[in-house]
1. Right, residue 73: surrounded by 15 or more Cβ atoms within 10 Å (Cβ to Cβ), part of a helix (DSSP H, G or I) and under 15 Å from the mean Cα position of the chain (by Cα) or not?
2. Considering (1) modelled with pLDDT of 85 or more; (2) under 29 Å from residue 7 (Cα atoms); (3) surrounded by fewer than 11 Cβ atoms within 10 Å (Cβ to Cβ), say which one residue 113 fails and leave the rest.
3. Based on what the data block shows, is residue 53 at pLDDT below 80 and within 21 Å of residue 116 (Cα to Cα)?
4. Go through the residues of segment 109-116 one by one and say whether even a single one is more than 18 Å from the chain's Cα centre (by Cα) and either free of Cβ contacts under 8 Å to residues at least 24 places away in the same chain or not in a helix (DSSP H, G or I) (or both).
5. Quick check on residue 126: is it under 13 Å from the mean Cα position of the chain (by Cα) and modelled with pLDDT of 95 or more?
């Protein structure tokens, strides 16, 4: 981000990064459904399967931690950029986007500091936050760009 001089270029880069991150929502939904299915089935026979499940859960937790930190960074950069632009002139869409980014960033920070939450709860929070970032217009297109 530091190599880009124009705020328009930074805004486009952040928008592209956020678009990519928002596409992971479906993967989080699949992971959440798998966790629910595993919880419904209960413990299966054989300690090897349980060991594999624990290893997989640890890997998913690591990836969720990384995703949360990256999403937090992108949202913070959006807030900084739109706040500095605010002094000049922001359109109503940019004002709404700034408000949304601040709210989602705040909720993400609160959720990521709660280390007692389970993987399923963290996935649920991420899905909810990604939903907040993608409000749909009547045409079905993303409003925030």
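1. no
2. (2)
3. Yes; evaluated as a whole, the condition is true for this residue.
4. yes
5. yes
The values are calculated or read from the model by the stated rules, or taken from the named source; none is laboratory data. It should be emphasised that the depicted structure is a prediction, and the values quoted were computed from it without experimental measurement. Virtual Cβ from ideal backbone geometry, glycine too; neighbours counted across all protein chains shown.
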